[in-house]
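As structure tokens, the structure follows; a few thoughts come after it.
What follows is calculated from the coordinates using simple rules that are stated; it is not laboratory data. Just so it is clear, the structure is predicted and the values come from calculations on it, not from any experiment. Cβ sites come from the backbone with ideal geometry, for glycine too, and all protein chains shown count toward neighbours.
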Amino acid sequence: MQLISLASGSKGNSYLITTGRTTLLVDAGLSAKQLALRLLEVGSDAAYINAIFITHEHIDHIRGARVFAKKHKIPVFMNQGCFDAARERYLLDEIKDIRLFDTGFPFDFQDVMIHPLSISHDTVDPVCFTINDNKQLFAIVTDLGKMNKLVSTNLRKADALVLESNHDLNMLKNNPNYPENIKQRIRSVHGHLSNTQSAEAARDVIQHGKLKHLMLAHLSENNNTEKQTKKTYLSVFKDAGIDLPFSFAKQHQVGTKFIL
């Protein structure tokens, strides 16, 4: 299996996963044109994509899904809550093949098993995904205000993890350009993980699981930096006696590749 970040952040999110038979996107938060260009950058092609899997209905996760799916005649998977919330705004009825899954229930697609797990975010029924080819398991966990027991337990099976590390709490608190209600939303259980929350979640997964690869994602361009994230992570990992390298998913360029 192979995973590559095509984009990660508030301006758009998408991840490419390939196996022996299957090539899929988790989220399509860039325009269809930009998705195609980024796929070419990593040596792939839009025509190779077999399906798109959507985590939730925010524009930075669903923006390009309709046009991309129509052009390449591929299915788009989402749950009923996401479909109902996004249907009119994103003209989802134009997509000929929308497949609704039930949150919490694994299902097969070609040679992989997809497990949509419930998370807390300010959308109707947000999910994260684990993707398993019966040999390796990838997990993509972003856009959540807290790490719940269900997700944490399932992540112990993961070989590679993409995990949100959205903001530095002090940078967010002291940002004069963010209204207080937005700050409260980001910090809430329906917002995003801070660096500390993310590092502590990663620590627990590593201590109880078999994680080999870690990519930090969805960093805020206004309330975080890679330097600050790294500082927090290294502090938490040092205290726990953990020495696992980690990389960063990028907003404006393709990111690190995981190959298992």
Review point. In debye, nearest 20: dipole of the stretch 89-149 around its Cα centre with unit charges on the Cβ of K, R (+) and D, E (-)?
Key: 240
Point to revise | Segment Leu260-Leu91, extension gain: residue separation times 0.36 nm, minus the distance between their alpha carbons | key: 57.2 nm
Revision key, fill the gap. Labelled set (i) 18.2; (ii) 19.5; (iii) 22.3; Kirkwood radius over Cα pairs in Å computed from this model equals the value at (i)
Check your understanding: Using alpha-carbon pairs under 8 Å, 6+ residues apart, how would you state the relative contact order of the stretch 2-259 in percent?
Key -> 19
Review point. Between Lys212 and Lys173, how many nm apart are label points set 7 Å from Cα along the C-beta direction?
Key: 4.0
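Can you tell me which of 227-237, 57-67 comes out highest on packing, and rank the rest after it, using the mean Cβ neighbours within 10 Å?
57-67, 227-237
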Check your understanding: Once phi is turned into ³J(HN,Hα) by the Karplus curve 6.51 cos²θ - 1.76 cosθ + 1.60 with θ = phi - 60°, what whole-Hz value does each residue of the stretch 111-124 show in order, with x for glycine and proline?
Key -> 9, 10, 10, 9, 10, x, 10, 6, 10, 9, 7, 7, 9, 5
Review point. Using the alpha-carbon centroid of each, what span in Å lies between the stretch 207-260 and the stretch 37-86?
Key: 25
Review point. Going by average Cβ neighbours within 10 Å, how do the peptides 120-130, 69-79 rank, with the highest at the top?
Key: 120-130, 69-79
Practice item. With a 10 Å radius around each residue's Cβ, average the other Cβ atoms per peptide and rank 170-181, 131-142, highest first. Key: 131-142, 170-181
**Study point:** Karplus (6.51, -1.76, 1.60) ³J(HN,Hα), θ = phi - 60°, over the stretch 207-223, in Hz, Gly and Pro reported as x
**Key:** 5, 10, x, 10, 4, 10, 9, 9, 10, 9, 9, 6, 5, 6, 6, 9, 10
Review point. Counting DSSP beta bridges in the chain, what percent are antiparallel, to the nearest 5?
Key: 55
**Study point:** For a label point 7 Å along the Cα-to-beta-carbon line of Asp239, residues of the stretch 168-186 with backbone N under 20 Å
**Key:** 168-173
Point to revise | When each of Lys210/Lys250; Lys231/Lys257; Lys173/Lys210; Lys70/Lys149 is checked by Cα-Cα distance, pairs over 27 Å | key: Lys173/Lys210; Lys70/Lys149
Revision key, fill the gap. In nanometres, the difference between 0.36 nm per residue of separation and the alpha-carbon distance of Val42 and Arg21 is 5.8 nm
Exercise for review: Round to a whole angstrom and tell me the spacing of the C-alpha centers of the stretch 96-110 and the stretch 131-204.
Suggested key: 24
Point to revise | Calculated from backbone phi, Karplus (6.51, -1.76, 1.60) coupling profile of the stretch 197-205 in Hz, x at Gly/Pro | key: 4, 5, 5, 5, 5, 4, 4, 5, 5
Check your understanding: Hey, what number do you get for the chain at 222 nm if only DSSP H runs of n ≥ 4 count, each worth -39500 (n - 2.57), divided across all residues, to the nearest 500?
Key -> -8500 deg cm²/dmol
**Study point:** Share, in percent, of DSSP beta bridges within the stretch 93-204 that are antiparallel, nearest 5
**Key:** 70
